[in-house]
Amino acid sequence: MLSNRVLLQQLRKKVEDAEHDGVSPSLTRSTVNIKTTVVTSSPIAKSPEFGEMCKALNHAPKDYKPPSADRARTSLLDDCKREIEKECAPLKGTWVTQGTSIVSDGWTNVKHKPLINVIASNSRGSMFLYAEDFSGVEKTGKAIADFLLTSIDEVSPSNVLQVVIDNAAN
């Protein structure tokens, strides 16, 4: 139905009329609206990399086979992780001589889950360490302190100059 624009517009009009007349308030969450929203506002479809990927696939050799989902989750992901760690090694090496600041911030992702991220930063650059989902965890001062102590241990306490956070209320 999404490929037939005329039929989709007619159905949308009927849904809007029914909502306006008060026939059913549940129509605001109808599958017509949900599916259309997913298709038009998908974060991946808005990504510039998505368009580049589609162009590359159009120019791929005829017999090209993409990697399996299993290979993408395992060996290819491991290769990417090794490459990133290799790129970050020079920055990590400066932590011993120059020290580093642990910077943390809380935010909500697109799925409305509360996350707290940790970044290590010094005069040579900043590096994202990780983010943790705090769903179901009360964000007390103790919980945040325990979370930050883990990151301090990862960087090594002797390399940490300061900890910067914005959770003053906690």
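Only the coordinates and a few stated rules stand behind these numbers; no lab work does. All figures in this text were calculated on a predicted structure; none of them were measured in a lab. Positions of Cβ are generated from backbone atoms using ideal geometry, with glycine treated the same way; all protein chains shown enter the neighbour counts.
A few comments on the model shown:
- DSSP-defined beta bridges in segment 82-164 - what % are antiparallel, rounded to 5: 80 percent
- ASN122 long-range amide H proximity, modeled H, under 5 Å: SER101
- Segment 44-167 - charge dipole about Cα centre, Lys and Arg +1 at Cβ, Asp and Glu -1, debye rounded to 20: 360 debye
- With θ taken as phi - 60° and the Karplus curve 6.51 cos²θ - 1.76 cosθ + 1.60 applied, the whole-hertz 3J(HN,Hα) list for segment 79-88 is 4, 4, 5, 4, 5, 5, 4, 5, 5, 8 Hz, x standing for glycine and proline.
- Centre separation in Å (Cα based) which lies between segment 79-129 and segment 48-67: 31 Å
- Amide H contacts under 5 Å for LEU115, placed H, 5+ residues apart: TRP107, THR108, ASN109, PHE134
- Backbone phi angles across segment 90-104, fed through the Karplus curve with coefficients 6.51, -1.76 and 1.60 (θ = phi - 60°), yield HN-Hα couplings of x, 5, 4, x, 7, 4, 5, 7, 10, x, 8, 9, 8, 10, 10 Hz in residue order; Gly and Pro are listed as x.
- With a cut-off of 20 Å on the backbone N, the residues of segment 130-144 near the modelled label site 7 Å out from LYS111 along Cα-Cβ are 130-139.
- Calculated over segment 82-164: convex hull of Cα atoms, volume per residue (Å³): 106 Å³
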